[in-house]
Amino acid sequence: MNIKFKIENLSVYFGKEQFLNSVNLEVEANKILGIIGPSGSGKSTLLGALNRMNELEPYCRTEGTILMDGVDINSSTYNVINLRKKVGIVFAMPVPLPMSIYENVVYGVRLSGVNDKKRLDELVEKSLSEAFLWNEVKDRLNLSGLRISGGQQQRLCLARVLAMEPEAILLDEPSSGLDPISTSKIEDALNQLKEKYTIVLVTNNTKQAARISDNTAYFLLGDMIEVGSTKQIFTAPLKKETDDYITGRFG
Amino acid sequence: MRINPKYTQWGAVTILTSATIFTILILVFIIFFILEKGLPVLGLSFLTENPQEMGKAGGIFPTLIGTIILPVFALLIATPLGISTSVYLAEYTKETRITKVIRFGTDCLAGIPSIIFGLFGYIFFVITLGFGWSILSGGLTLAVMVLPTIIRTSEEAIRAVPNSYRKVSFSLGASRWQTVKKVVLPNALPGIVTGIMLSIGRSIGETAAVIFTAGSSLRIPSSVFDSTRTMAVHFYILAREGISSENAYGTAATLIIAVLFVNLLAYYTMHRFIAKRS
Amino acid sequence: MKLVGEKGVQRILMITALSAISSLLLIALFIFSEGLPFIFKYGAGNFLLANEWDPNTGHFGIFPMIMSSVWVTLGAMVVGAPLGIAGAIFLSEYASPIIMKIVKPTIELLAAIPSVVYGFIGVMVLAPVIRNNLGGPGLSLLAGCIILGIMILPTVISISIDSILAVPRSYREGSLALGATTWQTTHMVTIKAARSGIVASIILGLGRAIGETMAVIMVAGNSVNIPNSALDSVRTLTANIALEMSYATGMHREALFATGVILFIIIMILNSIASVAIRNRNAKK
Amino acid sequence: MFKRVFILGMLLLAGIYMTGCGRGKTSITLAGSTAFQPFAEKLAEQFMTKNPNVNVTVQGGGSAVGIQSASSGAAQIGMADLVTLPEEAKGLTSTVVAKDGIAIVVSPKNKVNNLTTDQVRDIFNGKIVNWKEVGGDDVPITVVSREAGSGTRSSFEQILTNITLKKDALIQDSNGTIRETVANDANSVGYLSHGLINEKIKAIKIDDVECTSEMIIA
């Protein structure tokens, strides 16, 4: 078993309030880890710690270590910009930047200094294909990213991350605002992508976790309650809280 | 006592409508008054000829040059300073004591009467620094004068850019400056342009501060150390001193048309820019 | 960027951010160093509260100018604020969008018309009307108030419109759905929500009115006088400086700079009041 | 017409003769008195046609600005219209270039053509407030004066002696604006430099003396 992230005693505070309470968790490489739990359980905060987006909020404090391939990415000496290039994130609401589809996809790559037209063209085709979007937009790459449907926008956001060729992809309830067809397209894409990437999927939809994740973790009020293979969590949870949540008695 | 809402509705709308019509009439009257008296004077020769006898006869060519060059000079200084100040305030700091002081200072600067800017520019740029009455002195004074306008409008515009854009940009590995350059500023541009337009308008229309610092020479300037006269100053001198009311109206009409032209140009370019992006 | 790096950019931005405050300090330094010694020499009480201004005999009392500035500013508010706010409400709530699209840019255009043009129209059109119908010299407090009131209209209207339009549609729809008339909705919901923007527009207008120089010199007559009626001629603080600066020497010149100091202090006080008011409102939210 | 004359002084910075004949284009700035500005503009034009490599710039600003800028070097020549020069002007060379007279002016619609010196004093003092007291229509008099510090005003006050300007007199800050204000208001009276009288206003005889250039020089 290959471990991508090893999270040890991770606590996150915003101001005086604690959002994660000393969490320990391992994330396997080339697998999808589903994270479920009611709102306010700290799921998104965990993602925010993995690529240090939390730091953008004022008064945020993160304690503990997060080892990525054995290196502590939470240390102040670790280059946060490089981290975000290696660990991409897709947010709950699709947010295409107000520029063309093409420019959206290459935004991150251009930031790293790649400006070779041929290389960029290749990247755009590859990433959009991986995100199951290429066939729908290949004739209108110059169209504004704001002008396509919500489902397409979310896949564009995924493609934008893929173009960076990251090591891990974080998804924060990526299909919460989408219709079932768009959702299944994204799930199809994720299923193929896990061969190349480590994926952490936060979802409110327990069925989605059951469908596509290899492992599942259950969070409640900032505590990591239980983690295990998806099959075990959904059929034989060890903790009563987990059982209550997945059977719908709570949450 | 309670009046039927229907009547208050009717009364309120009547009052509002008449107040608006009255306001618009006043404003339209001012424009027409100037254009009616000024347009007959206006013509190619009026714009391209040099004035004679202090503007009693001849055209307004040198003041046209002054009116273009002085605001351009002022804006060349104030725009970068103003935008970078607003970027600093909106993107680079939390609300601290320093930002509060900067913001308070900006507000105070905005409230200072132009005559005080004129006095200051006269002692500081004209006398102390020895720039004399010149485009340099006038431009610097105007730059200080319009700086707060640019800072406030740009800051508003930058804050109006959705936070989600910044989040996305950071998540894709952008540094703060890259985010500002590639996402924040392009999206705040319409608001920033509005601020610049307001500043151009203010510096074109200013008289008190300009007379004290850029002087009122009617010669065509050959360097930034030369004095110049803007159309507003020319109008003031012509009308006040009773040199020529025809030429005064002609100058005022030119000013109004010029301002209109600049505004239309700005609207047009901005709409094209917005259309291109969305 | 590559040349200076992130930290460098931040440092450059911070230095530029100090430009506004350092300009303010520089202006204060120069005006105060020219004017403050006079106030100490002559006595602040004598300077601020005496009625006599006659530089030739060494009398420098600016009380009439202070009162005139106050009256002119208040009068301009009485003329400009109700008209401006009514216009803004009508245009944003009742007028068709097409009218709004035409009228708003026109009004903003008027903000760019030089104040001397307004002043000139005041002299040519307004002063004779006042002189022939109401008496007095025509160049008067009343003329000053009307011209300044008109001059602040564009500021008041355009900022008020922006803040009214910023009120979310749902507020209005909520009120209308409960059976309120449009006017009830306007004055109970929309105006309340847009209040801070409307107040800001009035404060900005106030600042413009108190600081205006050229137009006031042209229409207010410039007598050193505590006005007894709206038809009296008055001289504001700004007018005092601009009128006499060109011939002033020695004590007289210092007294004019001291007038500038007083004006400066008044503006600072107004701004402090405004920023405290805005902070309190934000705190309530 | 007041026979007293006052002086348009011209202040020269000694250094100008040294710098005036350097290589290339030289520039000279004149600044100060607005009363003298029109003449200076004309003189400058003539001077520049004769000496094409010299740039002459004329600025207004008033006598005080003239003296100050000549002292500080902002202008090479300061222009002042004053009877006596103030303290600050020590160290500057002064040359009298012109003499001028002050005329009492009213609107051409005004019936009054002649006033005595005493009547003028009383009008400006505020003792006479209606034109009927001096033989005109029954309308109040609007007095228009220059601002304190003005050369024209101090000369005017010196000539009249014992005058305290009435409180509600309108104040205008140049000869041209006095002319415009008087021209626009049929009830007003003002005083200005004799050289600026035009058809829009009427100069009044003082003690039966008419205002002409000959009278000023005499």
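The values are calculated or read from the model by the stated rules, or taken from the named source; none is laboratory data. Fair warning: this is a prediction, and the values are worked out from it, not measured in the lab. As a convention, Cβ positions derive from the backbone with ideal geometry for all residues, glycine included, and neighbour counts pool all protein chains shown. Ligands, DNA and RNA are stripped out before the accessible areas are found, and what is left, the full protein with its side chains, is counted by its heavy atoms. Shrake-Rupley method; radii C 1.70, N 1.55, O 1.52, S 1.80 Å.
Among residues that are touching a Leu at 6+ places or on another chain (Cβ under 9 Å), buried (at least 17 other Cβ atoms within 10 Å of the Cβ), of a type in the set (Gly, Ala, Ser) and within 14 Å of chain B (Cβ to nearest Cβ), C:Gly197 is not included. Scanning region A:147-202 for residues that are without any contact (Cβ under 8 Å) to a residue 60 or more places away in the chain and under 12 Å from the mean Cα position of the chain (by Cα) returns a single hit, A:Ser175. Does C:Ile202 satisfy being surrounded by fewer than 24 Cβ atoms within 10 Å (Cβ to Cβ), hydrophobic (A, V, I, L, M, F, W, C) and within 16 Å of B:Gly111 (Cα to Cα)? In short, yes. It is to be established whether one or more residues within region B:170-185 are under 28 Å from D:Ala31 (Cα atoms) and crowded, with 24+ Cβ neighbours inside 10 Å. No, region B:170-185 has no match at all. Scanning region C:77-92 for residues that are among the hydrophobic types (A, V, I, L, M, F, W, C) and open to solvent by 50 Å² or more (accessible area, probe 1.4 Å) gives a single hit, C:Val78.
Filtering region B:33-72 to residues that are among the small types (Gly, Ala, Ser), surrounded by fewer than 14 Cβ atoms within 10 Å (Cβ to Cβ) and part of a helix (DSSP H, G or I) leaves only B:Ser45. Looking at B:Leu147, B:Leu172, just one residue is more than 10 Å from chain C (Cβ to nearest Cβ) and modelled with pLDDT of 90 or more, and that residue is B:Leu172. Against the test of being within 12 Å of B:Thr141 (Cβ to Cβ) and not hydroxyl-bearing (Ser, Thr, Tyr), the options B:Ala232, B:Ala209 yield a single qualifying residue, B:Ala209.
Of all residues in region C:55-68 being in contact (Cβ under 8 Å) with a residue 60 or more places away in the chain and open to solvent by 10 Å² or more (accessible area, probe 1.4 Å), which is nearest to the other protein chains (Cβ to nearest Cβ)? If we take residues in region C:55-68 being in contact (Cβ under 8 Å) with a residue 60 or more places away in the chain and open to solvent by 10 Å² or more (accessible area, probe 1.4 Å), then C:Pro55 is nearest to the other protein chains (Cβ to nearest Cβ). Within region B:218-241, if we keep just the residues that are open to solvent by 10 Å² or more (accessible area, probe 1.4 Å), of a type outside the set (A, V, I, L, M, F, W, C) and under 19 Å from D:Asn175 (Cβ atoms), the residue that is modelled with the lowest pLDDT turns out to be B:Glu241. Let me confirm something: among D:Ser94, D:Ser69, which residue is at pLDDT 70 or above, assigned to a strand (DSSP E or B) and either hydroxyl-bearing (Ser, Thr, Tyr) or surrounded by fewer than 13 Cβ atoms within 10 Å (Cβ to Cβ) (or both)? Result of the check over D:Ser94, D:Ser69: D:Ser94. Scanning region B:110-141 for residues that are assigned to a loop (DSSP other than H, G, I, E, B) and aromatic (Phe, Trp, Tyr) turns up B:Phe131, B:Trp133.
Quick check on region C:93-112. Is at least one of its residues farther than 15 Å from B:Phe29 by Cα and crowded, with 23+ Cβ neighbours inside 10 Å? Within region C:93-112, none of the residues are farther than 15 Å from B:Phe29 by Cα and crowded, with 23+ Cβ neighbours inside 10 Å. Being at positive phi and either open to solvent by 10 Å² or more (accessible area, probe 1.4 Å) or in a helix (DSSP H, G or I) (or both) is a description that does not apply to C:Gly144.
Restricting attention to region D:159-199, the residues being among the aromatic types (Phe, Trp, Tyr) and part of a helix (DSSP H, G or I) number 0.
Assessment of region D:187-206 against the conditions (modelled with pLDDT under 85, closer than 25 Å to D:Met79 by Cα, away from chain B (no Cβ under 14 Å) and surrounded by 15 or more Cβ atoms within 10 Å (Cβ to Cβ)) yields at least one matching residue.
Apart from one condition, A:Asn115 fits all of (1) within 30 Å of A:Tyr218 (Cα to Cα); (2) assigned to a loop (DSSP other than H, G, I, E, B); the exception is (1). Within region B:3-23, does at least one residue satisfy the condition of being within 15 Å of C:Met151 (Cα to Cα), of a type in the set (Val, Ile, Thr) and at the interface with another protein chain (Cβ under 7 Å from one of its Cβ atoms)? Looking through region B:3-23, at least one residue is within 15 Å of C:Met151 (Cα to Cα), of a type in the set (Val, Ile, Thr) and at the interface with another protein chain (Cβ under 7 Å from one of its Cβ atoms). Regarding D:Ala44, is this residue closer than 18 Å to D:Gly176 by Cα and in a helix (DSSP H, G or I)? In short, no. Scanning region D:46-61 for residues that are of a type in the set (A, V, I, L, M, F, W, C) and under 23 Å from the mean Cα position of the chain (by Cα) yields a count of 2.
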